[in-house]
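Undergrad: Provided herewith is a single structure, encoded as structure tokens, for subsequent inquiry.
The values are calculated or read from the model by the stated rules, or taken from the named source; none is laboratory data. Keep in mind it's a predicted model, so treat the numbers as computed, not measured. Counting neighbours? That spans all protein chains shown, and the Cβs are built from the backbone with ideal geometry, glycine included. These area figures cover heavy atoms from the full protein model, side chains too; ligands, DNA and RNA do not enter into them. Shrake-Rupley method; radii C 1.70, N 1.55, O 1.52, S 1.80 Å.
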Amino acid sequence: MLRAFFILMMRDIGLSYKQGGAAGLVIAFYAVAISLFPFGVGPDSAILARIAGGVLWIAALLSALLSLDRLFQADYEDGTLDALALGPLPLPLVVLAKALAHWLAMLLPLVILSPLFGLMLHLEAQALPTLFLALLIGTPALSLLGAVAAGLTVAVRRGGALIALLVLPLYIPTLIFGVGAVDAVDGLASVSANLNFLGGLSLMFAVLGPLATAGALRLAME
Amino acid sequence: MGHEFFHMGGYGGYIWAAYGLVFLVLIALAWLSWREQKINGLRAEMLKAARSRRRSDHAEKDRLETPS
Amino acid sequence: MDPGSGAGVTKFGGGADKSLGADRSIAYAGFMTMPKPANGAAPHATQPFPHAVLAGHDLACRRGDQLVFHGLNFTLEPGEALCLYGPNGSGKTSLLRLLAGLSPPFSGEIRWNGEALSRTPALLREQVMFAGFSLALKEALSVYENLQFWSRFLGDGGHDQKALMEAAINRLGLEDLLAIPLHALSSGQRKRVSLARLLLAPRPLWLLDEPTTALDRDHQARLIDLLGDHLAQGGLAVLATHQSLDLPGPRLDLDGYAPAFDAPAFQSPLFEDG
Amino acid sequence: MHWFANPARFVRLADRILPVAMLLCFGLFATGLYWALILSPADYQQGSSVRIMYVHVPSAYMAMFCYLVMAAAGFSTLVWRHPLADVAGKAVAPIGLAFTGLALATGSLWGKPMWGAWWVWDARLTSVLVLFFLYLGYLAIWGAFDDRSKAARAAAILALVGVINLPIIKFSVDWWTTLHQPASLFRADGPRIDPSMRPPLYLMLAAFQTYFVVIFLWRMKAGLAALKLQALGAMPSPKQNHEQRHDQHHEQNLATRTEEAL
């Protein structure tokens, strides 16, 4: 069982770096989206430093959103989803494997690059480790919750736009605690409280997300 | 009393805007819902009546065709 | 490429030696040399499947608001293949999906060894191999990578997993296509790769949706041969097809089960006017 | 729940409840409005603009109430696969959306005179804003599927995921507002409600509640009739001969003509 989980996850990671996959595009989008803000807000480093946490998190949210609609759609269209549902792995675990593959392939690179972009936005140096840690703990929730919306819209024509409407309101707690952790570095609030909430959210969605997504996929395969 | 009622201590504009909007929306929603259930109800009755009438026609037709 | 030493189309394969060109070791672009199987016969040919009966009682299927068929009954014994015939849209694919447990029947019951599928949805999960119209293969991957994924995903990691895959490649004559990415293959070749998936893990019930389409005469013969072997081992198969396949087992024309105007199955309790 | 199960029985029950509920609704609105607009004193601090509270608080309350009803309908759709629950989910969503919109509008109309801003990022108002997006998502899912029973179950899944997240969103928004507004203008539990203001507020709440019952029952009847219509209308089958198909067609335009007549 665990073997099948790991094999499916590795296949998905491999696929997202193949020419059809979008991993490279998502990372490029993250970079471009972040560098747009200075043009909009102005190059003044004081302003940029203040909003850096928010910019980095919102860019991560949008990057996750970008890659969600192909999460199940590709497998649904070429019949792989039916075969996976009849495989040794129960459907919620198939969903968990694919969501983790999405996180590893698409979001982990962003987390690793984020300190670099933090510097670009004049984020003060001692906030960078917290930024990295917050993104590391918080972004799995983006994949796991995003999988629910992807599952719901898999059988829907042009479901991509619908995913944003379904999932962004649900991303708000992750965004608040994520940016809260980065902003809390200046001592006003406690960093660890925010990080605990972030971790709690990711763990909760790791359990609830796949159950809801499995239900949605079963619906689509009916 | 009338003048004060509408003036509402200077906030009349906001108060009446709020109450007006609320009741406008509530009444619109009520009318739409009432109309929808009326129409659907009528159409369902119509369809059911027509269907049972036609089924009885079939029964009638079958009875006539069978050689007595 | 010689079609192998199998003598023409044998209906009842019996576990006889089916070494289709097994003696040739496969050099595959220097990437990997597949070992020659020791006894030449496909390894899974030896262990017969446990006895299992598939039955459908008064099955009805709904697509959108339309009833596709209703009042359908059948029983399938081990070693038999149920061939489904009927015009397009008569519900052949829908019935296959019902049997695979992918979608629930509108009414009626599917029993596997007497046990109802609706009560334990996962009952058939490791018993079924479903080859639907879409082939469950990834265009970006090569034939070998596709088969390797399914072999390792479906298999239990045992030592015979490698041999099963090698036998599958032999039976469908894919030796020379292994390195080619799927998008470069013809639909016939892709169909053969999808059919090779059936052999990657021993599963008693095969559900095949028009398996013979896009196959040339030679490979259709191989498919019949393959099915014969599977049935000979006590396996079961349900095929949706337009060709009359010479396989043991019942035939079912779905056109006879389309609902009349006031199909009883449709009068769900929802509308009795209490 | 089972006795309730048969739609025809539900419609008969609804027809018995409706007149009583409508009467009650008018009565409550009449007394509530009279009390709220005339009898109750202006707040010494906010002046008369506090009267907007008598419509703002009930709207916000009903917005949340409708979402909980939607989640309950979703739960029974998924667990008991009940057609009545599908119709209920679809019936209550527009009502909830309307109440959420009203809560936001009245909140803004209340904020402007008191704090000079049309929109205040206060904890409760922000939560209602997020609730508004959740409703939009729910209705968008209903619109996205053409098969009715799939749409109902997909929407049910979304409603359940939403209702689980609601307290988390509420908590995170409160956390976020207290963080950025140490002295919250709009205290978390709302402006101090003077005892003399309670009766009209409760009356207005009751009025909104009975209004909900009336509209919900109407929309349920409409939904059930639509379901029956679809089932009766969708009876043609390949076996049907030409003559039956002609009748079918005749009935269809008979029905549409009645719709114009209304």
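Undergrad: If A:LEU68 satisfies every condition in (1) under 19 Å from the mean Cα position of the chain (by Cα); (2) closer than 21 Å to A:ASP183 by Cβ; (3) not small (Gly, Ala, Ser) but one, which is the exception?
TA: (2)
Undergrad: If A:PRO43 meets every condition in (1) assigned to a loop (DSSP other than H, G, I, E, B); (2) touching a residue at least 12 places away in the same chain (Cβ under 8 Å); (3) of a type outside the set (A, V, I, L, M); (4) open to solvent by 20 Å² or more (accessible area, probe 1.4 Å) apart from one, which number is that one?
TA: (2)
Undergrad: While we're here: For segment D:34-59, how many residues meet the condition of being assigned to a helix (DSSP H, G or I), more than 8 Å from every other protein chain (Cβ to nearest Cβ) and open to solvent by less than 70 Å² (accessible area, probe 1.4 Å)?
TA: Of all residues in segment D:34-59, those assigned to a helix (DSSP H, G or I) come to D:34-39, D:48-59.
Pick out the ones that are also more than 8 Å from every other protein chain (Cβ to nearest Cβ) and you get D:34-36, D:39, D:50, D:53-54, D:57-58.
Add one more test, that the residue is open to solvent by less than 70 Å² (accessible area, probe 1.4 Å), and what stays is D:36, D:50, D:53-54, D:57-58.
Selection size over segment D:34-59: 6.
Undergrad: Quick one: which of D:PHE75, D:PHE99, D:PHE65 is within 12 Å of chain B (Cβ to nearest Cβ), among the aromatic types (Phe, Trp, Tyr) and either more than 10 Å from the chain's Cα centre (by Cα) or in a helix (DSSP H, G or I) (or both)?
TA: On inspection, the qualifying residue turns out to be D:PHE99.
Undergrad: Still on this structure, I have one more. Answer yes or no: is there a residue in segment B:30-46 that is open to solvent by less than 60 Å² (accessible area, probe 1.4 Å), at pLDDT 85 or above, of a type in the set (D, E, K, R) and farther than 17 Å from D:VAL55 by Cα.
TA: Yes - at least one qualifying residue is present in segment B:30-46.
Undergrad: Could you tell me which residue of segment C:86-139 is farthest from C:GLN243 (Cα to Cα), considering only residues that are open to solvent by 40 Å² or more (accessible area, probe 1.4 Å) and β-branched (Val, Ile, Thr)?
TA: Among those that are open to solvent by 40 Å² or more (accessible area, probe 1.4 Å) and β-branched (Val, Ile, Thr), it is C:THR120.
Undergrad: Same structure again: Please note which helices (runs of 4 or more DSSP H) are completely contained in segment A:53-125 and include at least 2 residues that are within 14 Å of chain C (Cβ to nearest Cβ).
TA: In segment A:53-125, A:70-77, A:80-85, A:91-102 are the helices (runs of 4 or more DSSP H) which contain 2 or more residues that are within 14 Å of chain C (Cβ to nearest Cβ).
Undergrad: Anything in segment D:153-176 that is more than 10 Å from chain A (Cβ to nearest Cβ) and open to solvent by less than 10 Å² (accessible area, probe 1.4 Å)? List them, or say none.
TA: D:ALA159
Residues are listed down the side, and each one gets a yes or a no for (1) under 23 Å from A:VAL94 (Cα atoms); (2) assigned to a helix (DSSP H, G or I); (3) facing chain D (nearest Cβ under 10 Å); (4) in contact (Cβ under 8 Å) with a residue 24 or more places away in the chain:
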site: A:ALA127; (1), (2), (3), (4): no, yes, no, yes
site: A:THR139; (1), (2), (3), (4): yes, yes, no, yes
site: A:ALA161; (1), (2), (3), (4): no, yes, yes, no
site: A:THR174; (1), (2), (3), (4): no, yes, yes, yes
site: A:ASP183; (1), (2), (3), (4): no, yes, yes, yes
site: A:ARG218; (1), (2), (3), (4): yes, yes, yes, yes
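Undergrad: Same structure again: I'm trying to understand the selection: among the residues of segment A:185-211, which are in a helix (DSSP H, G or I), more than 13 Å from A:ALA134 (Cα to Cα) and open to solvent by 20 Å² or more (accessible area, probe 1.4 Å)? Steps first, please.
TA: Here is the first cut: in segment A:185-211, the residues in a helix (DSSP H, G or I) are A:185-186, A:191-211.
If we keep only those that are more than 13 Å from A:ALA134 (Cα to Cα) too, we end up with A:186, A:203-211.
Those that are in a helix (DSSP H, G or I), more than 13 Å from A:ALA134 (Cα to Cα) and open to solvent by 20 Å² or more (accessible area, probe 1.4 Å): A:ASP186, A:LEU203, A:MET204, A:ALA206, A:VAL207, A:LEU208, A:LEU211.
Undergrad: Same structure, new question: Consider D:LYS112 against the criteria (1) open to solvent by 30 Å² or more (accessible area, probe 1.4 Å); (2) away from every other protein chain (no Cβ under 11 Å): it satisfies all of them except one. Which criterion is unmet?
TA: Among (1) open to solvent by 30 Å² or more (accessible area, probe 1.4 Å); (2) away from every other protein chain (no Cβ under 11 Å), D:LYS112 violates only (2).
Undergrad: Quick check on this structure: which one of D:PHE145, D:PHE212, D:PHE186, D:PHE171 is modelled with pLDDT of 95 or more and either of a type in the set (Phe, Trp, Tyr) or in contact with a Pro (Cβ under 9 Å, 6 or more places away or on another chain) (or both)? Steps first, please.
TA: Numbers: D:PHE145 fails: modelled with pLDDT of 95 or more; D:PHE186 fails: modelled with pLDDT of 95 or more; D:PHE171 fails: modelled with pLDDT of 95 or more.
Answer to the selection: D:PHE212.
Undergrad: A further question follows. Check segment C:127-136 and report whether any residue there is touching a residue at least 24 places away in the same chain (Cβ under 8 Å), more than 21 Å from the chain's Cα centre (by Cα) and closer than 15 Å to C:ALA196 by Cβ.
TA: no
Undergrad: If a residue has to be open to solvent by 20 Å² or more (accessible area, probe 1.4 Å) and of a type outside the set (S, T, N, Q) to count, how many in segment A:118-152 make the cut?
TA: So the count comes out to 12.
Undergrad: Still on this model: Are there any pairs with C-beta distances below 6 angstrom linking a residue in segment D:147-174 that is under 24 Å from A:GLU222 (Cβ atoms) to a residue that is of a type in the set (D, E, K, R), with the two at least 6 apart or on different chains, and if so which?
TA: Listed pairs, sorted by first residue: D:ALA152/D:ASP86.
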